[in-house]
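The values are calculated or read from the model by the stated rules, or taken from the named source; none is laboratory data. These numbers were taken from a predicted model, which means no experiment stands behind them. So basically every Cβ, Gly included, is an ideal-geometry build from the backbone, and we count neighbours across all protein chains shown.
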Amino acid sequence: MESNKKDDVPKRKKKPMNWAIKATVITFVISLFLGIFADVLSKNLSFVPALLVLVFIILVGIVADMAGIAIATADEKTLNAMAARKIRGAKEALSLVKNAEKATSIFNDVIGDIAGIISGATGATIGVYVIKMLGDAISSGNAPVKELFVLSILSALIASFTVGGKAAGKKYAIRNAEKIVYLVGKTVHVFKRITNVKTWFKKER
């Protein structure tokens, strides 16, 4: 009996590390390709479309952060009752809460980091447009310093809007955790039906 118990201990300890490695690889691959795609896309857009893309990316990061917080704080009993009544999306929402460690990592870390990379690439393109629009004001005097100042201000604005949005969303997410998780679960349910994916998260034992 003792040998069996010893064999079980290493297996349980490996699981969090395995997930961490998977999350790292997934983030690297997705960030690499989406970062390149966003850079190419934003460079081929005019100022207004590029600005709209930037706003959308920031919103994606904020919403993902809200979803992650809601999953971490949602009441499992409420979602369990909804799943028992076979409400569409409730089963997926319950699965997210039961696997909160993985789910929050995906929403807060993976999606959040990707949104940050893409917003940075898009912000750099918008910075070039701003520098061109300022024209003579930038070209006169110490131009490199002025350009650096413009890009720094733009980067600071992107960061402040992102952090401010997440701070406001965090309060709302905590107060409406079950509603938000259910909406995420319903979205997952629709996605599963469209792609015919039968499992979302596999419960680890």
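Hey, among the residues in the range 38-59 that are small (Gly, Ala, Ser) and at pLDDT below 75, which one's farthest from Val181 (Cα to Cα)? So, considering only residues that are small (Gly, Ala, Ser) and at pLDDT below 75, the one farthest from Val181 (Cα to Cα) is Ser42. Exactly one residue out of Ile69, Ile26, Ile62 is within 19 Å of Ala103 (Cβ to Cβ) and modelled with pLDDT under 85: that is Ile26. The C-beta contact set for the range 99-127 (first residue touching a residue at least 12 places away in the same chain (Cβ under 8 Å) and within 15 Å of Ala67 (Cβ to Cβ), second residue part of a helix (DSSP H, G or I) and charged (D, E, K, R), distance under 8 angstrom, 6+ apart or interchain) comprises Phe107/Asp65; Asn108/Asp65; Gly112/Asp65. Within this structure, Gly35 fails the test of being modelled with pLDDT of 90 or more and either of a type in the set (A, V, I, L, M) or assigned to a helix (DSSP H, G or I) (or both). Scanning the range 19-37 for residues that are in contact (Cβ under 8 Å) with a residue 12 or more places away in the chain and not polar (S, T, N, Q) yields a count of 6. The helices (runs of 4 or more DSSP H) found entirely in the range 102-186 that carry 2 or more residues being surrounded by 14 or more Cβ atoms within 10 Å (Cβ to Cβ) are 112-134, 143-175.
Within the set of pairs 6+ apart or on separate chains, which have a first residue in the range 188-199 that is surrounded by 10 or more Cβ atoms within 10 Å (Cβ to Cβ), a second that is modelled with pLDDT of 70 or more and in a helix (DSSP H, G or I), and C-beta atoms under 7 Å apart? Hits for this filter: Val188/Glu92; His189/Glu92.
Let's see how each residue does on (1) crowded, with 17+ Cβ neighbours inside 10 Å; (2) touching a residue at least 40 places away in the same chain (Cβ under 8 Å):
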{"site": "Phe47", "(1), (2)": "no, yes"}
{"site": "Val55", "(1), (2)": "no, no"}
{"site": "Val60", "(1), (2)": "no, yes"}
{"site": "Ala64", "(1), (2)": "yes, yes"}
{"site": "Ile69", "(1), (2)": "yes, yes"}
{"site": "Leu79", "(1), (2)": "yes, yes"}
{"site": "Ala90", "(1), (2)": "yes, yes"}
